[in-house]
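The values are calculated or read from the model by the stated rules, or taken from the named source; none is laboratory data. Only a predicted model underlies this, so the values are computations on that prediction, with no experimental measurement involved. Neighbour counts run over all protein chains shown; Cβ positions are idealised from the backbone, glycine included. Side chains included, ligands, DNA and RNA excluded: accessible areas come from the protein's heavy atoms. Shrake-Rupley method; radii C 1.70, N 1.55, O 1.52, S 1.80 Å.
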Amino acid sequence: QVQLVESGGALVQPGGSLRLSCAASGIIFRLYAMTWYRQAPGKQRELVATITRGGNTNYADSVKGRFTISRDNAKNTVYLQMSSLKPEDTAVYYCNVRIEQRNYWGQGTQVTVSS
């Protein structure tokens, strides 16, 4: 079955950097777009960044210029490099893949930006 496992979340100071990873299994990874979402306490889940199977990327306005999404098809892994982190980036970050109109999610990884 489809499985997504996120890692890399941590407590980081404002202005710091983190790299999140999402390892996928149970799918032919190279065929699918991959997306990172996040959900802050009391807020709706929001799209952060998407990478298509061809490597094209799209970002939420709030993270443009600070976050970079990438993928390694040989490792079935998608990454989210985050820099210049702000307290408002604090959230649980989720990896997502949509296959035949069905969404699959990982368990999430907590990112906390605080001094």
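Values as computed for the structure displayed
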{"item": "Residue check for N103: under 16 Å from G26 (Cα atoms), surrounded by 14 or more Cβ atoms within 10 Å (Cβ to Cβ) and in contact with a strand residue (DSSP E or B) (Cβ under 7 Å, 6 or more places away or on another chain)", "result": "no"}
{"item": "Inter-residue pairs, beta-carbon under 8 Å, first closer than 15 Å to Y93 by Cβ and in region 61-77, second open to solvent by 50 Å² or more (accessible area, probe 1.4 Å) and assigned to a loop (DSSP other than H, G, I, E, B), 6+ apart", "result": "R66/S84"}
{"item": "Qualifying residue in region 21-32 (condition: assigned to a loop (DSSP other than H, G, I, E, B), within 16 Å of the chain's Cα centre (by Cα) and of a type in the set (F, W, Y))", "result": "yes"}
{"item": "Complete set of residues in region 47-74 that are surrounded by 15 or more Cβ atoms within 10 Å (Cβ to Cβ) and under 12 Å from Y37 (Cβ atoms)", "result": "V48, A49, T50, A60, V63, I69"}
{"item": "Any hit, region 2-21, residues being within 21 Å of S114 (Cβ to Cβ), open to solvent by 70 Å² or more (accessible area, probe 1.4 Å) and of a type in the set (A, V, I, L, M)", "result": "yes"}
{"item": "Residues satisfying the stated conditions in region 84-100, i.e. surrounded by 20 or more Cβ atoms within 10 Å (Cβ to Cβ) and either over 13 Å from L47 (Cα atoms) or of a type in the set (A, V, I, L, M) (or both)", "result": "L85, A91, V97"}
{"item": "Failed item, numbered, when Q81 is tested on (1) over 19 Å from S7 (Cα atoms); (2) open to solvent by 60 Å² or more (accessible area, probe 1.4 Å)", "result": "(1)"}
{"item": "Residue selected from region 106-115 under the condition assigned to a strand (DSSP E or B) and open to solvent by less than 40 Å² (accessible area, probe 1.4 Å), by the criterion farthest from T50 (Cα to Cα)", "result": "V113"}
